[in-house]
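Values quoted throughout were computed directly from the atomic coordinates according to the rules given, and no laboratory measurement underlies them. All values derive from a computational prediction rather than experimental measurement. For neighbour counting, all protein chains shown are included, and Cβ atoms are generated from backbone atoms with ideal geometry for every residue, glycine included.
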């Protein structure tokens, strides 16, 4: 019985380790973590997503617990549902509060990975950095309100990586 309970979590653990290894190989080492303000108008959509997921998880958990047949014994008990939805919510929260980072091969954000060649422009408005990415025909902008004082080192990495790639594009 214990093996039956632990086995799915062992598989999940192995998948997470495999994903972290793949991510490190694909993205390269971290050059600089972007120190952004966690609660700002630029990441209010993340907070909204977390609230929706929390409410939905609560409702689904109640629905599953109420719809158990009286003569059907629960396989793992009601705490399994609480643990599952709690773990799911924690994973989403961790992903959404992850700091964007400049890596050797591009920019990693909570919404994906962008290669340095996909960075079209970047601009500053006081302490807000807006980077425009171009992937195929789609443009996407990411904005982060930065902690004061981190602008210099971010600007230095952006100049080094983005302007070098833009110079290559102009040559072609």
Checklist line | Those residues of the stretch 118-132 which are touching a residue at least 24 places away in the same chain (Cβ under 8 Å) and within 21 Å of the chain's Cα centre (by Cα), in sequence order | finding: 119, 122, 128, 129, 131
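With the structure loaded, tell me whether residue 106 is under 19 Å from the mean Cα position of the chain (by Cα) and surrounded by fewer than 17 Cβ atoms within 10 Å (Cβ to Cβ) or whether it fails that test.
Answer is no for this residue.
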